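The values are calculated or read from the model by the stated rules, or taken from the named source; none is laboratory data. Only a predicted model underlies this, so the values are computations on that prediction, with no experimental measurement involved. Because the Cβ atoms are built from the backbone with ideal geometry, glycine has one as well, and the counts that use them run over all protein chains shown. The protein model used for the area step is the full one, side chains on, heavy atoms only, and it has no ligands, DNA or RNA in it. Shrake-Rupley method; radii C 1.70, N 1.55, O 1.52, S 1.80 Å.
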Amino acid sequence: MALIDPLPLALKSATVSLSSQGGMGTGFFVAPGVVLTCAHVVNGEEVVQGQWQDVKIELRVDNRTRDDSTPDLVTLYPKRPVDHPFVALAPSVSPGDDLWSWGFPKGSYSLGDSVALKYDGPSQRHDGELIRASGARLTPGFSGAPVLNRRTGGVCGVVRLGDQNDSITRLVPADQIFEVYPDLTRHHFPPHTNIEWLDLLEDEQLHAGAWRYPSRQLLAYLEALRGFVRSHPYAASLPNTPPLSTVYLRQHGVSLQRATEENSVINMPGPESADPGISGKQQLFTRNRNTLIIGRPGAGKSSLLRYVAEIASRDWLFAKDGAFVPAYVPAMALSSRSSFSTALAAAVNRELGTWLDTSLPEDWFSRQPIPGVPWLLLVDGIDEIFTADGRRKALNSITHRRGAENYRFLIASRPLPHQEIVQLLRAETGAYEILPFSPDQLLMLAELWFKGLRLDQPRVLAERFRSELERSGIAHLARVPLLATMLCVVFAEHPTERIPPSRGDLFERFIELLMSKQYWHVDIYKQLDGRAEPYGSAARQAVKALVSKARPLLERLAAARHRGDQRSFIDLAKTWTRSLWSSCMPEHEWVQIIEDLLRQSGVMTQQRGDFVFVHMTVEEYLAARYTAYKLTPEVANYLVFFQGGEQSYRQFLAHACVKSGVSFEAGAIHALQNGNPDDVMFVATLLRDGVELGKAVRRAAVNRLSRITASSEAGGITVGLRIAAAHELVYLSPEKGLAPLISIAENPRISRFDRTEAARQLVELDFGLGIRLLRDLVDTFTPTGSEDRLRAARYLLEFDASLGLEALNHIARNPHLDDWIRLEVAVEIGEWDKSISRTALMYLASDSRLGLLCRLEAIELLDPDTVPELAAYLYDQRLQ
């Protein structure tokens, strides 16, 4: 009779028959390429013979960990690679547990035999504690066999001793295996690698064994949740980075309670994270257990929650690991009269709807979803609870559970009354406001930043900041979150000084500021000198020299990494500073001093035992500075204009070389006259970012960009390229750049897509003009251009929420458009303003010109109970 029970079958497939001069025995694969058995089975031999399934294998015995005090265990290693499964160890065992084993006894059943046992309790022997099991008399050959605990689904021990007089067996416990062989934990502790075994476990076994692994039911829920949240647009991307260090096109939050520069800005999660690891490592979740996100309409609050739900679900579905399990919860559910877990289950069932195959049980949220892993409740729309009493109930339900092991909270809302925010802050909730990036919103970013620093008259200071930024010539850089943050930091430190005139100058001032705050405000020399003092004057001189060379060292490290050198920064710095090191100081102490120097630099942070620069652009800037020191003009021109490579680095290199006196006139003019459009755009970018290339280069760039904007598609120049060229041309010659963009946006013979893109570019250059053109495009597009009309309305929404919502509302009410597009738009409005969305849905449900199914869908989205008479009428219509 074939064995069909999957777990015993898996255990059997991982066992190995062993033979040595001492006799027969059993072993089992406990990790890839590792067989575990009892030491007495191999009897001190160096090589034993094994048979796994139909494969004969020769096994090398590792006796290095053996001594009289260690348990009766030994590991064996196949001399040739074998593709095999391995067991999952689980130390948990309770009296009465049903156990099962497979071994290779002597005699008639040497090809394999099974045995069922029960756990009695512990046995204490002079060389350690063992597991006592009863129910069968094991014959010689079973020694070293794995024993499966059916309750937990894991191997709880290894057969060691049998009693010849009765049916008692002693096992070496699984926890002793980990004590002797700690390296095995990486295959048995999270993140788990033995996915094939864990996928066999029932939900009850996962819970009983305290496995940090998702059950089948939980995975089904996460699939439903991921499908639900992915059906909506989600927030812009951002990987997880340290304070003051951001990445291109990322959202940020300003703390409502932190006052220091290092902690006042937080990076939000996003889809382009540089670290594809577990979402719980994101900065948003490491600072506080519970967090409130405040944002105005269009700031991306709901999109952020949906994105967090998506990436956290992905972590468990694909990596089978995570810091929490997400649940998307409308805030209204927290003001329910039901119990907390019942209210959550009802709300989530309602949200996910048919994405779920079966409804979640009422007690779904009553305990942790995975042992040791809490729920992350993504609470959306506290502000949508319109009564103060309702909001108070919802906030109380959160603050009451502020330290509960089962729950964490990420709460999103529009601005709340001050006392309600204070209620959350007193419950140790982190609170952040999302930073938007339209021209008007930049002012809010600056004011929040200055207010977080407790500067006097932050609003007045922010106005001055915006004025200075507009005069600086680099206002366009403030649209990039990283650069906007850097500009705020630099300006806040010296509000009376001029804003740096170029991108490179901004980085230089920012890095100088970081290093001065870290090195001199904490007096790094005094700290390191104190460590060197016990070793004499030579050691102190070495430290003094090291501190004086900190900036060149950082630049050299950045250059090495940019060239592709992947050696650890500590090893590189140790090698390069060996000439400074005094032998009177222990080498390990010198390494510690180097680490402290890098740690306090302000531009590096320590991760996983080594250092990294706080942002790639900081590394690129420092690398460019180092490279530029000894370049000849010919080599510099080649590297910047002809070698290719990362544009950001080449921009920094051009800036650094110009500062060193290198002229790029020849290379730049050659690129403008003979290069392709990409070369032309690069030269224009250098000029726009403030790199001094000379008047001749500026004139040549204006001429070449003007020719591109005036070209036709017949000449191989697309409208998209014309738009990009005009955008760059505006910064060099506003009158020559604006005219082509306006012409494209107003030309009815050009595609609606390109006209909308031209208007969008104009918003960045002339906000009022761009907004007016987008509004015109929304109003003038024909019914056949509904998608382009929607795109223009959404761009309006991006730059001006009130105008965008007005445009979308008009689209939703336009009877000439497709019914389902109108319904889709009404739902989309709800992401920004639920009240306007409900009004639009009511309008659609009442519009007799709409199809019946579309009207019924609008009723379902509204909730039939809110319009009972209309709902009843439409349902009757469907039945006729």
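Cα to Cα, under 22 Å, and not fewer than 8 places away if on the same chain: which lysines meet these conditions relative to K56?
Answer for K56, where 22 Å is the Cα cut-off: K12, K79, K106, listed by chain and number.
Accessible area per residue of segment 501-596 at 1.4 Å probe, in Å²?
Per-residue accessible area for segment 501-596 comes out at 47 Å².
Given a 1.4 angstrom probe, I'd like the percentage of the accessible area of segment 525-662 that is carbon and sulfur, rounded to a whole number.
Here it works out to 49 percent.
Within segment 787-862, list the trypsin sites (Lys or Arg not before Pro) lying in a DSSP loop whose Cβ has at most 15 other Cβ atoms in a 10 Å radius.
Sites meeting the loop and neighbour criteria: R849.
Expressed as a whole percent, how much of the Cα-Cα distance distribution for segment 701-751 exceeds 12 Å?
56
Using the Karplus equation 6.51 cos²θ - 1.76 cosθ + 1.60 (θ = phi - 60°), what ³J(HN,Hα) coupling, rounded to whole Hz, does each residue of segment 645-653 give in order, writing x for Gly and Pro?
x, 4, 5, 4, 5, 5, 4, 5, 5
Evaluate the distance, in nm, between pseudo-label points positioned 7 Å from the Cα of T286 and of R367 along their respective Cα→Cβ axes.
3.2
To the nearest 0.05, what FRET efficiency results for Q419 and T496 with a Förster distance of 41 Å applied to their C-beta separation? Could the numbers behind the result be given before it?
Details: r = 37 Å, r/R0 = 0.91.
E(calc), rounded to 0.05, equals 0.65.
Can you figure out the FRET efficiency of N703 with R599, using R₀ = 56 Å and their beta-carbon distance, to the nearest 0.05?
0.65
Could you please state how large a percent of the accessible area of segment 283-347 is carbon and sulfur, counting protein chains only and using a 1.4 Å probe?
49
When the Karplus curve 6.51 cos²θ - 1.76 cosθ + 1.60 is applied with θ = phi - 60°, which whole-Hz ³J(HN,Hα) does each residue of segment 337-353 get, with x for Gly and Pro?
7, 6, 5, 4, 5, 5, 5, 4, 4, 4, 5, 5, 4, 5, 5, 6, x
Test of understanding: what is the full-extension gain from R64 to F767, defined as 0.36 nm times their sequence separation minus their Cα-Cα distance?
Values: separation 703, 0.36 × 703 = 253.08 nm, distance 7.35 nm.
In short, 245.7 nm is gained.
For segment 645-739, compute the orientation-averaged projected area of the C-alpha convex hull (one quarter of its surface), in nm².
Result: a mean projected hull area of 5.9 nm².
I'd like to compare 123-136, 140-153: which one has the highest average count of other Cβ atoms within 10 Å, and what's the full order after that?
Top to bottom by mean Cβ count within 10 Å: 140-153, 123-136.
Using R₀ = 22 Å, calculate the FRET efficiency as 1/(1 + (r/R₀)^6) where r is the Cβ-Cβ separation of D523 and S660; round to 0.05.
It comes to 0.10.
Quick one, can you get me the convex hull of the C-alpha atoms of segment 1-132 expressed as volume per residue in Å³?
Hull volume normalised by residue count: 132 Å³.
Please give the per residue volume of the convex hull enclosing the alpha carbon atoms of segment 78-194, rounded to a whole number of Å³.
Per residue, the Cα convex hull of segment 78-194 comes to 128 Å³.
Using a 1.4 angstrom probe, figure out how much accessible area segment 296-410 has per residue, in square angstrom, rounded to the nearest whole.
That works out to 40 Å² per residue.
Thinking of segment 483-582 as a set of Cα atoms, what percent of all their pairs are more than 15 Å apart?
Cα-Cα pairs in segment 483-582 separated by more than 15 Å: 70 percent.
Which one, G644, G770, L686, projects farthest toward the positive side of the charge dipole computed for segment 632-786 from Cβ point charges (K/R +1, D/E -1)?
G770
Describe numerically, in nm with one decimal, the distance between label points set 7 Å from Cα along Cα→Cβ at Q124 and at K56.
Result: 4.8 nm between the two label points.
Provide the per-residue ³J(HN,Hα) series for segment 393-404, in order, calculated from phi with Karplus coefficients 6.51, -1.76, 1.60 and θ = phi - 60°, each as a whole number of Hz, with x at glycine and proline positions.
Working through the residues one at a time gives 4, 5, 5, 4, 5, 7, 5, 4, 10, 4, x, 5 Hz.
What residues qualify as long-range amide H neighbours of G154, i.e. H under 5 Å apart, gap of 5 or more or another chain, H built at 1.01 Å from N?
Under 5 Å from the amide H of G154: N149.
Is there a quick way to get the dipole size of the chain? I mean about its Cα centre, with the Cβ of Lys and Arg at +1 and of Asp and Glu at -1; what is the value in debye to the nearest 20?
Working: 95 positive and 105 negative charges, 349 e Å.
Taking the Cα centre of the chain as origin, the dipole is about 1680 debye.
If amide H atoms are built 1.01 Å from N in the plane of the peptide, which residues on other chains or at least 5 residues away come under 5 Å of the amide H of I411?
T291, L292, I293, V379
Taking segment 558-644, which chymotrypsin sites (Phe, Trp or Tyr not before Pro) meet the DSSP loop condition and have no more than 16 other C-beta atoms within 10 Å?
When the chymotrypsin sites (Phe, Trp or Tyr not before Pro) of segment 558-644 are filtered for loop state and at most 16 Cβ neighbours within 10 Å, Y629 remain.
Kindly report the accessible area of segment 703-745 per residue (heavy atoms of protein chains, probe 1.4 Å, no ligands, DNA or RNA), in Å².
42
Per the Kirkwood formula on distinct C-alpha pairs, the Rh of segment 284-363 is how many angstrom? If you can, show how the numbers build up before the last one.
Working: mean 1/r = 0.0694 Å⁻¹.
Its Kirkwood hydrodynamic radius stands at 14.4 Å.
How long, wide and thick is the chain, going by the Cα atoms along their three principal axes, in whole angstroms, largest first?
Each principal axis gives a Cα extent; for the chain these are 102, 94, 59 Å.
Going out from 0 in 5 Å bins, what whole percent of all Cα-Cα distances in segment 768-863 drops into each bin?
3, 15, 27, 22, 17, 10, 4, 1, 0
Hey, got a sec? Which chymotrypsin sites (Phe, Trp or Tyr not before Pro) in segment 12-118 land in a DSSP loop and have at most 16 other Cβ atoms within 10 Å? Spell out each step's value before the answer.
Values: sites: F28, F29, W52, F86, W100, W102, Y109; in loops: F86, Y109.
Passing sites in segment 12-118 are Y109.
What is the percent carbon and sulfur in the accessible area of segment 818-865, measuring with a 1.4 Å probe over the protein chains and ignoring ligands?
About 52 percent, which is the carbon plus sulfur part of the accessible surface.
Past 27 Å, Cα to Cα: identify those pairs from K526/K574; K320/K574; K301/K393, in the order given. Intermediate results must be reported in sequence, preceding the final value.
On the way: K526/K574 21 Å; K320/K574 39 Å; K301/K393 22 Å.
Over 27 Å Cα-Cα: K320/K574.
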